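A short worksheet on the structure shown next.
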Amino acid sequence: MAAPSGTPAPSGPPGPSGSPGAAPPRRVPEAVHRRRWAILAVLLFSLLIVVLDNSILNVAMKTIAAPAPTGLGATQSQLEWAINSYTLVFAGILFTAGLLGDRLGRKKVLLFGMVVFGIGSVLSAMASSPGELIAFRAVMGFGGAFVMPATLAILMNVFERDEQPKAIGIWAGAVGLAIAIGPVTGGILLDHFWWGSVFLVNVPIVIAGLIAMVLLVPDSKDPKPGRLDPIGVLLSVVGLVLLVYGIIKGGQLADFSDPEVFGTVGGGVLVLVLFVLHERRSTHPAIDVRYFRNPAFSAAVSSIALVFFALMGTTFFIVFYTQSVRGYTPLQSGLLLLPIAVAQMFFAPRARLVVERFGARVVCTLGMLLVAATTAGFLLLDRDTPIWVLEVLFFCQGTAMAHIMPPATVSIMQSLPREKAGSGSAVNNTFRQVGGALGVAVLGSLLSTTYRDGISGALDDVPGLSDSARHAAGESIEGTLGLAEKLGPAGKALVAPAQDAFIHAMHVTVIGSTAVALLGAAVVAVFLPGKEAAAAAGQPRPEPEKEQAGADA
């Protein structure tokens with residue numbers, strides 16, 4: 001097996017050529033090795049639609065909220081659940097989907113997820129009510145949960161260890177690209193077609209992806225999966241669903257002390273504690289929780305959760321800043337995000353080179369500090385700040401992400417045996433989803449609460465405004481601007497106070513996001529192994545004699 005990335009291959013007895021340290025035998029079948037880059041392209045294709053879909057929907061929210069026939073007449077709460085139903089099911093099933101991939105075969109699970117995702121996309125495009133859209137988005141989340149961990153698990157089984165950092169860098173860059181081009185794609189579609197087109201666009205991609213997967217992607221699975229752990233699987237699903245639901249509900253109510261929120265989150269944490277206790281005592285655990293004793297694993301997982309907490313909470317308000325405060329169209333707002341994609345596409349595949357020189361701890365710590373710095377940079381934004389300032393911040397943010405995600409993911413995946421790649425990928429993605437959901441909920445609640453306090457005085461000056469109308473107008477800047485539009489000329493006096501209140505709330509939220517990013521930097525700096533420690537402890541662990549990569553090559 002190849003030496004870990006950045007570590008010289010250990011010297012050994014002369015190989016057939018007589019040279020010392022001859023390359024160890026390849027663990028990936030030759031037929032698979034030859035087409036590994038084509039396989040990666042197919043995996044990125046499937047990954048693209050799963051990640052892109054969520055960012056596309058953000059652009060379409062205004063249109064879906066419009067009355068029929070333009071939209072569905074969805075309320076603010078229904079719009080939130082159209083996004084959150086996907087996140088809830090996706091995060092709740094991720095871990096189980098990764099386990100099933102290891103047991104049943106990652107290619108089979110990937111194909112199943114793509115089919116379900118495609119069906120959910122068609123149903124969502126044809127939804128005739130907000131309730132139907134919420135339900136069909138949950139179907140899409142169920143399918144997506146089987147796609148995302150399978151892509152990374154297959155990647156780990158078609159690339160040799162020394163090429164895995166480069167492949168993971170490209171994989172991470174594709175995630176950033178999808179996040180950035182989603183709003184652009186959504187804006188173009190909404191300029192020419194009806195709102196359902198943002199879902200229907202997935203169908204031809206799914207069909208093309210399925211054909212390519214059948215032809216190119218090899219199957220692989222754990223050759224010794226052991227007995228099933230139904231109790232562990234059930235506890236993981238229930239715990240994650242309760243936790244994510246409580247986080248989402250807390251964000252909607254802007255009150256985490258509410259009994260429903262506190263009880264649900266507490267119940268989720270309790271079930272997950274029971275899951276950990278069960279896994280520690282089980283002779284056939286769904287995941288060996290002792291992996292978390294490895295700093296290279298646990299610190300990397302924590303860094304991913306914290307960076308997505310900070311970034312998702314920040315990007316949540318950017319759409320409102322660019323559209324509601326600066327007056328850009330959905331398409332223009334999407335184009336403004338392109339520097340994030342450009343930075344990630346350029347730096348993510350090259351991050352391994354910096355890691356080889358300085359080590360993952362230094363690179364990830366500096367990346368987290370750059371996230372904190374760029375997040376704090378949003379304090380510079382006002383109603384008339386030159387837009388190039390925002391573009392520079394976006395580029396720096398993309399650069400920071402490109403130097404965190406690849407090395408952290410490599411650290412997680414190479415800490416586990418290759419046959420457990422599905423479980424490792426699921427843990428990676430689960431922590432990312434939970435961290436992102438928590439960031440949107442907590443920082444979104446902070447944004448909402450601060451905005452309501454800031455706009456209350458201006459709403460009090462509106463004569464004849466009912467309590468319910470005042471509450472709705474104070475929920476968000478969109479609510480206030482909607483009221484201003486209904487009031488006609490008299491409502492113009494609300495526009496400037498709404499924008500000022502939003503910018504102040506945004507600045508307060510940015511401070512919280514920056515604090516979380518600094519916490520992430522501290523965790524990485526203290527706990528992630530340095531270059532020397534990683535080299536000393538990074539020798540590949542024993543793996544099964546025969547992995548089934550390329551079973552149907």
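Being at pLDDT 80 or above and farther than 20 Å from residue 235 by Cα narrows it down to one residue among 79, 111; which is it?
111
Mind checking whether some residue in region 142-162 is surrounded by fewer than 24 Cβ atoms within 10 Å (Cβ to Cβ), closer than 16 Å to residue 118 by Cβ and in the same structural domain as residue 117 (by TED's automatic domain parsing)?
So far as region 142-162 goes, yes, one or more of its residues are surrounded by fewer than 24 Cβ atoms within 10 Å (Cβ to Cβ), closer than 16 Å to residue 118 by Cβ and in the same structural domain as residue 117 (by TED's automatic domain parsing).
What number of residues within region 305-336 are farther than 15 Å from residue 382 by Cα, modelled with pLDDT of 80 or more and not in a helix (DSSP H, G or I)?
Number satisfying all stated conditions: 0.
Answer with yes or no whether residue 249 is at pLDDT below 85, in contact with a Pro (Cβ under 9 Å, 6 or more places away or on another chain) and of a type in the set (Lys, Arg).
Details: at pLDDT below 85: yes; in contact with a Pro (Cβ under 9 Å, 6 or more places away or on another chain): no; of a type in the set (Lys, Arg): yes.
For residue 249, the condition - at pLDDT below 85, in contact with a Pro (Cβ under 9 Å, 6 or more places away or on another chain) and of a type in the set (Lys, Arg) - is not met.
In region 415-425, which residue that is modelled with pLDDT of 70 or more and crowded, with 24+ Cβ neighbours inside 10 Å is nearest to residue 292 (Cα to Cα)?
That would be 424.
Scan (1) within 17 Å of residue 198 (Cβ to Cβ); (2) in contact (Cβ under 8 Å) with a residue 40 or more places away in the chain for the single condition residue 94 breaks and write down its number.
Only one criterion is unmet by residue 94, namely (1).
Out of the residues in region 426-457 meeting the condition of being among the hydrophobic types (A, V, I, L, M, F, W, C) and more than 17 Å from residue 317 (Cα to Cα), tell me which one is surrounded by the most Cβ atoms within 10 Å (Cβ to Cβ).
Within region 426-457, the first condition is being among the hydrophobic types (A, V, I, L, M, F, W, C), and the residues that meet it are 426-427, 431, 434, 437-438, 440-443, 446-447, 455.
With more than 17 Å from residue 317 (Cα to Cα) added as a condition, the list becomes 426-427, 431, 434.
Working: 426: 30, 427: 24, 431: 21, 434: 21.
The extreme case among them is 426.
Could you tell me which numbered condition residue 328 fails, if it satisfies all but one of (1) of a type in the set (Ser, Thr, Tyr); (2) farther than 20 Å from residue 87 by Cα; (3) in contact (Cβ under 8 Å) with a residue 24 or more places away in the chain?
Residue 328 satisfies all of (1) of a type in the set (Ser, Thr, Tyr); (2) farther than 20 Å from residue 87 by Cα; (3) in contact (Cβ under 8 Å) with a residue 24 or more places away in the chain except (3).
Can you name the residue in region 118-162 that is under 24 Å from residue 196 (Cα atoms) and charged (D, E, K, R) and, of all such residues, is nearest to the chain's Cα centre (by Cα)?
The qualifying residue nearest to the chain's Cα centre (by Cα) is 137.
So which residues in region 357-381 are hydrophobic (A, V, I, L, M, F, W, C) and under 21 Å from residue 506 (Cα atoms)?
Just the residues of region 357-381 that are hydrophobic (A, V, I, L, M, F, W, C), to begin with: 358, 360, 362-364, 366, 368-373, 376, 378-381.
Listed by number, the residues that qualify are 368, 369, 370, 371, 372, 373, 376, 378, 379, 380, 381.
For residue 255, all conditions in the list (1) in a helix (DSSP H, G or I); (2) at pLDDT below 85 hold save one; what is the number of the exception?
Every condition holds for residue 255 apart from (1).
Could you tell me which numbered condition residue 109 fails, if it satisfies all but one of (1) in a helix (DSSP H, G or I); (2) farther than 21 Å from residue 210 by Cβ; (3) in contact (Cβ under 8 Å) with a residue 24 or more places away in the chain?
With respect to (1) in a helix (DSSP H, G or I); (2) farther than 21 Å from residue 210 by Cβ; (3) in contact (Cβ under 8 Å) with a residue 24 or more places away in the chain, residue 109 is out only on (2).
All but one of (1) modelled with pLDDT of 80 or more; (2) within 30 Å of residue 80 (Cα to Cα); (3) surrounded by fewer than 24 Cβ atoms within 10 Å (Cβ to Cβ) hold for residue 359, so report the exception by its number.
Evaluating residue 359 over (1) modelled with pLDDT of 80 or more; (2) within 30 Å of residue 80 (Cα to Cα); (3) surrounded by fewer than 24 Cβ atoms within 10 Å (Cβ to Cβ) leaves (2) as the failure.
Here are some conditions: (1) touching a helix residue (DSSP H, G or I) at 6+ places or on another chain (Cβ under 6 Å); (2) surrounded by 21 or more Cβ atoms within 10 Å (Cβ to Cβ); (3) over 24 Å from residue 317 (Cβ atoms). Residue 367 meets all but one. Which one does it not meet?
Against the list (1) touching a helix residue (DSSP H, G or I) at 6+ places or on another chain (Cβ under 6 Å); (2) surrounded by 21 or more Cβ atoms within 10 Å (Cβ to Cβ); (3) over 24 Å from residue 317 (Cβ atoms), residue 367 comes up short only on (3).
Quick grid of which residues meet (1) surrounded by 22 or more Cβ atoms within 10 Å (Cβ to Cβ); (2) in contact (Cβ under 8 Å) with a residue 40 or more places away in the chain:
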site: 476; (1), (2): yes, yes
site: 482; (1), (2): no, no
site: 487; (1), (2): no, no
site: 493; (1), (2): no, no
site: 499; (1), (2): no, yes
site: 502; (1), (2): yes, yes
site: 516; (1), (2): yes, yes
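Does residue 346 qualify as being surrounded by fewer than 21 Cβ atoms within 10 Å (Cβ to Cβ), of a type outside the set (Lys, Arg), in the same structural domain as residue 506 (by TED's automatic domain parsing) and modelled with pLDDT under 85? Quick ask: steps written out before the conclusion?
Details: surrounded by fewer than 21 Cβ atoms within 10 Å (Cβ to Cβ): yes; of a type outside the set (Lys, Arg): yes; in the same structural domain as residue 506 (by TED's automatic domain parsing): yes; modelled with pLDDT under 85: yes.
Spelling it out, residue 346 is indeed surrounded by fewer than 21 Cβ atoms within 10 Å (Cβ to Cβ), of a type outside the set (Lys, Arg), in the same structural domain as residue 506 (by TED's automatic domain parsing) and modelled with pLDDT under 85.
The values are calculated or read from the model by the stated rules, or taken from the named source; none is laboratory data. What you see is a predicted model, and the numbers here were worked out from it, not measured in a lab. For neighbour counting, all protein chains shown are included, and Cβ atoms are generated from backbone atoms with ideal geometry for every residue, glycine included.
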